[in-house]
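One structure below.
The values are calculated or read from the model by the stated rules, or taken from the named source; none is laboratory data. As the structure is a computational prediction, the values presented were derived from the model and not from experiment. Backbone-built Cβ (ideal geometry, glycine too); neighbour counts: all protein chains shown.
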Amino acid sequence: MSMTLEEFRAAWRDFAHRWDEARATDDESARALVEEVLDAGLAVVHDAPPEVPDEVLAACERAVIEASGVFDAEAYRAAHPDLGKVTSGELTPLEQFCENGWQWLRNPRPDFDVDWYWHEYLDPLAQDVNPLVHHLLVGRQAGLPTRGVRRPPRPGAPTADASTRRICLFAGYDPDGVVDQYVLDYLRELSRHADVYYLCDGRLSDTELAKLSGVTAGAWAVAHGQYDFGSYSMLAHELVGWELIDSYDELLFANDSSFLLRPLDEVFDQMASVPADWWGLQATKRPFRRENGNLEPIGLDEALQHHAPAEDWFMFDRLHISSYFLLFRKRVMDDAGFRERLDAVRRQPHKSLVIAKYEIGISNYLITQGYGFATYVDGLYPFHPLYSADYFHLLEQGFPLLKRNFVGANTQRVPDMHRWKERILEHVPDAPVDVFEANVLRVVPDDSLASSFRVRTREDGTIDDPRLLGPKAFRKADRRTPTFDHWWSFPVCTYSHTFADNQRAVFEEVRADPSIKKIVLTRSRRVDVDGENVVVVPLKSPEGQYHLLRSGQVFVKHGPIVGLDRRVDPATHNVINLWHGIPLKRFGWASATINDRNRKSMLGNHGAARAVISSSRMDTLAMSAAFFPMSYPDVWPTGLPRNDFIVRDEDRLPADLRATLDRLREEVAGRRLVMFLPTFRDGQGDSQYAFSRSELRWISEWAERHDAVLGVREHMADTARTYSSALLPLGAIDLSSRRFPDLEILYRAADALISDYSSCLVDFMLTGKPVMSFAYDYERYSNDERGLFHELERVLPGPVCRTFDQLASALETVFDSPTPEQVQDYEWKRRFFFDHIDDQASWRVVQRVKELYVDGA
């Protein structure tokens, strides 16, 4: 190939620019340009190419492919029935392929392998060159093939013996930063057979990492977000290194997605004598399933010959060995293509792409290169045997592992999974199922677990698998189902899935009232609350829908449509929008950035509520402007219920909140806690502040001087976790909602607060403790009608810091006693936001709700 990738990028942009100019005046000239480049190919350009908008590049891409005639739209549509936007007509097949189809390794035709061509001739780390376009304009003229040729099996596949030296790269992950007992047990067993090197995709405390001492040959924790192959890759090329790996005979990949049921001696003994370049526990091929007529397992030799048309179109449909336990012998370990694919692992926007590119991609590469493989499970089972009823047959035959997702997700709707512990013990009497269960209850999404356990066998042998009502069926049921005024539903937060703040406070106010039926509608987080006449069920469940349909009062956090899985009829349900704070920036109908889509969404979301809560008369004016078509009388200035938890005597807090407060104080260990609670920036050009090394060093020294500690809680929408990555290594405390769901408890424990323009600045003023704004992008927002930093200086009883130096100066004096003038200023500004500074906001909300249906309330 005579043209480099950089030369192609420049030539492609130059051509797209010329094509765009031509089509602006004459469609025929634009078509002629395309025909010419398809015939002659792109030529190298020596001048810097002009800037070309992405939409022009995309349109030119479609024009070139369409004119080439190589893309069969109808065949592509038929081969990918899972593409909703294509089947609905929102996108044409060609538009979908160019938009992201090729990036998901969907082939444009059976004889063009996107993954193979991408790796062979392009840069697997780059996402900006469509392989089909490259082939049409460069590769075709150079005579490059469009797919690889499967090599015949390589002779002399190796075996293993007692002298074989084995290294294991182990990928770990835990949402709470815990090295669980089941992981330690698994690692100890693996260490009997290999030298184990462990990498956690996340953060582990020194205490948690210390658990691995003596169990592993090396252990690290790095938050990379690349799933198991990200850990395998980082261990191989960076932390352990290929040089050390080269000193071993076998390389094992394993991860913590499975529970170890039995010792692994039988697995290694059996597989040692099997001639194979690589092996795993079982093979999978998505088109090989019962729905397609494949009812029984087949041998691996037959599986290699089994061909489904789907696999020519989509990488997901190809034969592969699952990566949770995967071993490679020396010839594979030394293969340059294998190493290149492992070293090229990078973060992907979706877990499915990790599976397609790396788990399936590497298997596909090794198979096509003729490396012989084997599996501990004899043959290829329909679908994936570890997630179907076939698993229990494998367990009976000695299978050593249990996938946690089989228990918690149960995508194949296997009945009676609620008895999983009993069924495991029937075959493995000494399996530590209670250890497994503790992990399942902590880690698996609660609503998913409830759904998994819902499928039951009836007494007559038939299967009961209750399903959710769809949108149309739900609306129909809502019209005919009576509601009960004394049924009060509390759907948890749509985003954090926690039962906290205003909703929890109102619940606590009526918790002991037997005349009110309280229904907590959960999502992924487990909720443990009790009281008189309390029901806790998943929102997305038949039980949740049953209770929601009958609830006369529904308390949401972000509006009816956002807060509920299905919209309820406002004529028969009083939806009370408790909101979540006092906004300092414009939002809703008061926002400066409203389009037709926003308007339609807000009309539906706001208009379906009976009332919204505010904290003061001034806040009522702002909320009535933001929540149109609601009017001023629909905004209740009761005060925010969550504030009850800030000002109430500690001994009157719910027991779990008191326990959380004690836990936080233990972590703070007598130091002064300064919380850093930034808001989320989602506009174009927005970014979080990047602390320099010298600034981070200053923060660390400041904390030591003042016997203080930072606590970091990032906005729930900010998945980048920029500040946590920078500050937690300095010893800052992780105040994330997973660890501390109740923000009010943090306010009680904190000595000061830093934010930017988050509503927490106002909430925290109830404590009377210091607040400050780190408005590092002040200049951008001060002249922007969306921003109110210039107003913050008028209403905030603390400094508005535009630079880090100003923030540092404010932190140096943050613990000084305030002057009488500062106390007076703080009190006046607090009164501006709060009509009530007591712990009776929840009571006032309850009284207003009861007035809707109780005479004389």
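Checked against the criterion of being assigned to a helix (DSSP H, G or I), of a type in the set (Phe, Trp, Tyr) and in contact (Cβ under 8 Å) with a residue 60 or more places away in the chain, region 181-197 has at least one qualifying residue. Checking each residue in region 792-841 for being among the polar types (S, T, N, Q) and under 27 Å from SER615 (Cα atoms) picks out GLN822, GLN824, GLN840. Of the helices (runs of 4 or more DSSP H) that lie entirely inside region 53-102, those containing 2 or more residues that are over 26 Å from the mean Cα position of the chain (by Cα) span 54-68, 73-79, 93-96.
The residues on offer are GLU66, GLU21, GLU7, and the sole one that is at pLDDT 95 or above and not basic (Lys, Arg) is GLU66.
Among the residues of region 605-626 satisfying the criterion of being in contact (Cβ under 8 Å) with a residue 24 or more places away in the chain, part of a helix (DSSP H, G or I) and under 23 Å from GLN840 (Cβ atoms), which is nearest to the chain's Cα centre (by Cα)? The selected residue is MET623. Could you say whether any residue in region 326-335 is buried (at least 22 other Cβ atoms within 10 Å of the Cβ) and in a helix (DSSP H, G or I)? Yes, region 326-335 contains at least one residue that is buried (at least 22 other Cβ atoms within 10 Å of the Cβ) and in a helix (DSSP H, G or I).
Here's the yes/no breakdown for (1) farther than 28 Å from ASP835 by Cα; (2) at pLDDT below 95:
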{"residue": "VAL635", "(1), (2)": "no, yes"}
{"residue": "PRO641", "(1), (2)": "no, no"}
{"residue": "ARG658", "(1), (2)": "no, no"}
{"residue": "ARG672", "(1), (2)": "yes, no"}
{"residue": "ALA708", "(1), (2)": "yes, no"}
{"residue": "GLY711", "(1), (2)": "yes, no"}
{"residue": "ARG721", "(1), (2)": "yes, yes"}
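Selection of region 190-234 for residues being surrounded by fewer than 17 Cβ atoms within 10 Å (Cβ to Cβ) and either within 17 Å of LEU252 (Cβ to Cβ) or of a type in the set (Ser, Thr, Tyr) (or both) yields SER191, ARG192, SER205, THR207, SER213, ALA217, GLY218. Do we find a residue being modelled with pLDDT of 95 or more, surrounded by fewer than 21 Cβ atoms within 10 Å (Cβ to Cβ), at positive phi and touching a Ser or Thr at 6+ places or on another chain (Cβ under 6 Å) anywhere in region 413-420? The answer is yes; a qualifying residue exists.
Total residues in region 289-321 satisfying the condition of being in a loop (DSSP other than H, G, I, E, B) and surrounded by fewer than 22 Cβ atoms within 10 Å (Cβ to Cβ): the figure is 10.
The set of residues from region 533-556 being farther than 24 Å from ALA611 by Cα, in contact with a strand residue (DSSP E or B) (Cβ under 6 Å, 6 or more places away or on another chain) and not in a strand (DSSP E or B) comprises ASN533, GLU543.
Surrounded by fewer than 20 Cβ atoms within 10 Å (Cβ to Cβ) and at pLDDT 95 or above: does that describe HIS715? Judged against the criteria, HIS715 is not a match.
Checking the condition under 12 Å from TRP102 (Cβ atoms) and among the aliphatic types (A, V, I, L, M), which residue from VAL138, VAL129 passes? Every option except VAL129 fails the conditions. One residue stands out among those in region 448-474 that are assigned to a loop (DSSP other than H, G, I, E, B) and charged (D, E, K, R): the one that is nearest to ARG523 (Cα to Cα), which is ARG467.
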